[in-house]
Amino acid sequence: MKNSPQAKADFEILLNNAIPFIEFLLQKNKEFFPFAYLMETDGELLKLDSGIDDEHPTNQEVIDSLKIQIRRAKQLKAVAIAYMTFNSSENSDFITIEFSHVNGGGLLFVLPYAFKGITKRLELGSPTFGNPHSVIDLK
């Protein structure tokens, strides 16, 4: 899917906000629940949590809850949904972020990570990009 220059710029802003927050959560907790960043049409950023009361929801339950809230929101320009994934064939953990844009564009960002050494220091690998699993209609 081809993204406009504006969509790419908006995705970069969302990514530059999401990654430091994810790094903080991983360093502190070694995990994080899925969350979303929303970019309103005026450029303001909001962080969205699932609002689920269950102490141990599945990632998919949280993602579904986030998508419901996003679809109800008004005046959104772009969204990023961030969650953790595990690839058993590679025995690797990944930060996965799905982006959607009001212009119809979307992007999947996948970043491997691991905890290394005695201190379990967080190390990020090289990101890959692809087509998102689904694009949220923001119109």
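The values are calculated or read from the model by the stated rules, or taken from the named source; none is laboratory data. Just so we're clear, the structure is a prediction, and the values are computed from it rather than from any experiment. Don't worry about glycine lacking a Cβ; one is built from the backbone with ideal geometry, like all the others, and counts go over all protein chains shown. Surface accessibility is based on the protein's heavy atoms, side chains included, excluding ligands, DNA and RNA. Shrake-Rupley method; radii C 1.70, N 1.55, O 1.52, S 1.80 Å.
Worth a mention:
- Of the residues making up the range 93-109, just one is open to solvent by 30 Å² or more (accessible area, probe 1.4 Å) and farther than 20 Å from Asp137 by Cα, namely Asp93.
- Any chance Ala82 is assigned to a strand (DSSP E or B) and surrounded by 14 or more Cβ atoms within 10 Å (Cβ to Cβ): yes
- The range 40-69, residues that are under 13 Å from Ile136 (Cα atoms) and either under 13 Å from the mean Cα position of the chain (by Cα) or acidic (Asp, Glu) (or both): Ile63, Asp64, Leu66, Lys67
- Going through (1) out of contact with any helix residue (DSSP H, G or I) (no Cβ under 6 Å at 6 or more places or on another chain); (2) within 20 Å of Asn17 (Cα to Cα); (3) part of a strand (DSSP E or B) one by one, Leu107 falls short only on (1).
- Pairing residues of the range 33-48 that are touching a residue at least 24 places away in the same chain (Cβ under 8 Å) and open to solvent by less than 40 Å² (accessible area, probe 1.4 Å) with residues that are aliphatic (A, V, I, L, M) and not in a strand (DSSP E or B), at Cβ distances under 6 Å and at least 6 apart in sequence or on separate chains, gives Pro34/Val62; Pro34/Ile63; Ala36/Leu66; Tyr37/Leu14; Tyr37/Ala18.
- The one condition in (1) over 28 Å from Lys116 (Cα atoms); (2) open to solvent by 40 Å² or more (accessible area, probe 1.4 Å) that Leu76 fails to fulfil: (2)
- Members of the range 85-104 found to be in a loop (DSSP other than H, G, I, E, B) and touching a residue at least 24 places away in the same chain (Cβ under 8 Å), listed by number: Val102, Asn103, Gly104
- Residues within the range 119-138 that are modelled with pLDDT of 90 or more, among the β-branched types (Val, Ile, Thr) and either open to solvent by less than 60 Å² (accessible area, probe 1.4 Å) or not in a strand (DSSP E or B) (or both), tallied: 0
- Scope the range 9-32; condition without any contact (Cβ under 8 Å) to a residue 12 or more places away in the chain and not small (Gly, Ala, Ser); matching residues: Glu12, Asn16, Pro20, Phe24, Leu25, Lys28, Asn29
- Residues that are of a type in the set (Asp, Glu) and either under 16 Å from Ala114 (Cα atoms) or not in a helix (DSSP H, G or I) (or both) do occur in the range 29-39.
- Some residue of the range 32-50 being modelled with pLDDT under 90 and over 20 Å from Phe129 (Cβ atoms): yes
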